[in-house]
């Protein structure tokens, strides 16, 4: 799955679960608990058990959607994660979680990962006081991420910050200063993604 720019609810209906914690998506997925498309209801009735490959592929596509990255990017992250010491699946999620656009999203500076990517690409985010417009930049523990002064007056940023819940132990946020800091690399249990990463590891291992 490439970086997705279409209707988000449509994708989540295909996966059969809410992957973006926003009230409107919960309502849509609950109301239409079947795949999108003309024959969506029929598919829901006919659908049987997925093959192992299908289950692994589905999980990989979910991860691409959650972090808004292309398949080629995800494969590179997996290759890097496999070369690191420790659990490959946890390493993969830690690398994705440390992306600058994801940190901006987790901090509440943007309402979605897509909005966070735009905020970074347009040069509205500083890292340790320096403007940085690379969404894939790997944030290191101790670095400070801040929305620049002009964008702190933006209505979308203000609304996002007002509705954000800041409860991540690895990312304390100063809401008044619009600044966040990655305090440490998160453990798997602290990363809020509904993913079975071992299935993704199995998917890529079968391609090696």
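The values are calculated or read from the model by the stated rules, or taken from the named source; none is laboratory data. Just so you know, these numbers come straight off a predicted model, no measurement behind them. Counting neighbours? That spans all protein chains shown, and the Cβs are built from the backbone with ideal geometry, glycine included.
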**OP:** Test each condition in (1) loosely packed, with under 15 Cβ neighbours inside 10 Å; (2) farther than 17 Å from residue 99 by Cα; (3) touching a strand residue (DSSP E or B) at 6+ places or on another chain (Cβ under 8 Å) for residue 172 and report the one that comes out false.
**Re:** (2)
Original post:
Before we move on, is residue 102 at pLDDT 95 or above, under 19 Å from residue 180 (Cα atoms) and exposed (fewer than 14 other Cβ atoms within 10 Å of the Cβ)?
Top reply: no
**OP:** Please specify each residue of the range 33-87 satisfying the condition of being at pLDDT 75 or above and on the phi > 0 side of the Ramachandran plot.
**Re:** 68, 86
Original post:
Just one of the numbered conditions (1) outside the structural domain of residue 201 (by TED's automatic domain parsing); (2) over 16 Å from residue 185 (Cβ atoms); (3) in a loop (DSSP other than H, G, I, E, B) is not true of residue 120; which one?
Top reply: (3)
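Rundown of residues vs (1) assigned to a loop (DSSP other than H, G, I, E, B); (2) touching a residue at least 12 places away in the same chain (Cβ under 8 Å), yes/no style:
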{"position": "151", "(1), (2)": "no, yes"}
{"position": "158", "(1), (2)": "no, no"}
{"position": "167", "(1), (2)": "yes, no"}
{"position": "180", "(1), (2)": "no, yes"}
{"position": "194", "(1), (2)": "yes, yes"}
{"position": "200", "(1), (2)": "no, yes"}
{"position": "204", "(1), (2)": "no, yes"}
